[in-house]
Amino acid sequence: MEVLRTPDHCFDNLPDYLPDYPFQPHYAMVAENLRMHYVKEGNNPQEVVLMLHGEPTWSYLYRKMIPIVTEAGCQVIAPDLIGFGKSDKPTAFEDYTYQSHVDWITALITQLDLQNITLVCQDWGGLIGLRVAAENPDRFKRIATSNTFLPTGDVKPSEAFLNWRDYSQNTPEFKVGNIVSGGCKNPLADPIKAAYDAPFPENSYKAGARIFPTLVPISPDNPASEANRKAWQVLQQWKKPFLTAFGDSDPITKGGDLFFQKVIPGAQNQPHITLQNAAHFSQEDKGEEWATALVAWMKNTVS
């Protein structure tokens, strides 16, 4: 496996926006020759908030939320998925599978021995995080989702997702900053788009970002479909608190919040919210609002 590591200077030379991301780097080896970066803020092992980003972002996506959650007395762990952010980036498409992403996050949780976890997840953070929670339920005490889903391939995907999948594989240039901006209700300023471009100094660093949309199960016989069905068997019995905070302007995951609320027991009678004027990347559009609601919900669901 050939692995690239984004040079530190790609992040150090961007002072216009990095003051919004003052967090010290931490690293863990989650597989042979694969180093994962993560943010660790706060020191409360009784309230650990695991924030998982999706495609094609990194932990910078949670910069508005992390201070609010840590100031409420929680410990936050916000990793960069392998292939993203400051984490290592295998160069071959075949090095990335749905299962490998689940394994890498599971390895991080195991190494850090995280317990009492509140999962906060969006986009692929949910596809991975919900699997990990279902397979390691004793480590998790709550789940909060935004603009995500857990597909098995048994239901036809939305046209919006198929269009995105096609675009990701066929566009000559995969401009990450522009993609993230396009998934926000309000377009991002150029320095913030540069922050999302920073992990990818050349196209050779983008294999993980490029391949991600093709890993979503869209047929019943997808390699990940059966494992996701097993995860749903757990989630359909999940009685721990489960919150949805979906943006109102995301065509890809629209309606997913209502499905979670219907089928997951722990979602009953929870203060679900719809983030107004928020698109796919709700952390950018309404990060402070989501974090404030998250903290209030956690305080009211102490176990």
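The values are calculated or read from the model by the stated rules, or taken from the named source; none is laboratory data. Predicted model, so just to flag it, every value in this text is computed and none were measured. When we count neighbours, we look across all protein chains shown, and the Cβ atoms used for this are built from the backbone with ideal geometry, even at glycine.
At a glance:
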| quantity | calculated |
| --- | --- |
| Which numbered condition D250 fails, given (1) farther than 20 Å from T152 by Cβ; (2) acidic (D, E); (3) in contact with a strand residue (DSSP E or B) (Cβ under 7 Å, 6 or more places away or on another chain) | (3) |
| Top-ranked residue of segment 137-166 - restricted to ones that are outside any strand (DSSP E or B) and among the charged types (D, E, K, R), ranked as surrounded by the most Cβ atoms within 10 Å (Cβ to Cβ) | R139 |
| Segment 241-265: number of residues that are in a helix (DSSP H, G or I) and of a type in the set (F, W, Y) | 2 |
| F200 being touching a Lys or Arg at 6+ places or on another chain (Cβ under 7 Å), surrounded by fewer than 19 Cβ atoms within 10 Å (Cβ to Cβ), part of a loop (DSSP other than H, G, I, E, B) and not β-branched (V, I, T) | no |
| Where D123 falls short, out of the listed (1) at negative phi; (2) surrounded by 24 or more Cβ atoms within 10 Å (Cβ to Cβ); (3) among the acidic types (D, E) | (1) |
| Candidate set from segment 4-35 (those that are in a helix (DSSP H, G or I) and at pLDDT 85 or above); member that is surrounded by the most Cβ atoms within 10 Å (Cβ to Cβ) | F11 |
| Neighbours by Cβ (under 7 Å, 6+ apart or cross-chain): first from segment 271-283, at negative phi and surrounded by 13 or more Cβ atoms within 10 Å (Cβ to Cβ); second in a loop (DSSP other than H, G, I, E, B) and of a type in the set (G, A, S) | A278/S249; A279/G183; A279/S249; H280/G183; F281/G183 |
| Some residue of segment 36-50 being out of contact with any helix residue (DSSP H, G or I) (no Cβ under 6 Å at 6 or more places or on another chain), of a type in the set (D, E) and modelled with pLDDT of 95 or more | yes |
| Odd one out for A189, checked against (1) without any contact (Cβ under 8 Å) to a residue 60 or more places away in the chain; (2) under 30 Å from K240 (Cα atoms) | (2) |
| Output for segment 236-253, where each listed residue is in contact (Cβ under 8 Å) with a residue 60 or more places away in the chain, of a type outside the set (V, I, T) and surrounded by 15 or more Cβ atoms within 10 Å (Cβ to Cβ) | W238, K240, P241, F242, L243, A245, F246, G247, S249, D250 |
| Which listed residue, of G266, G208, is in contact (Cβ under 8 Å) with a residue 60 or more places away in the chain and within 16 Å of the chain's Cα centre (by Cα) | G208 |
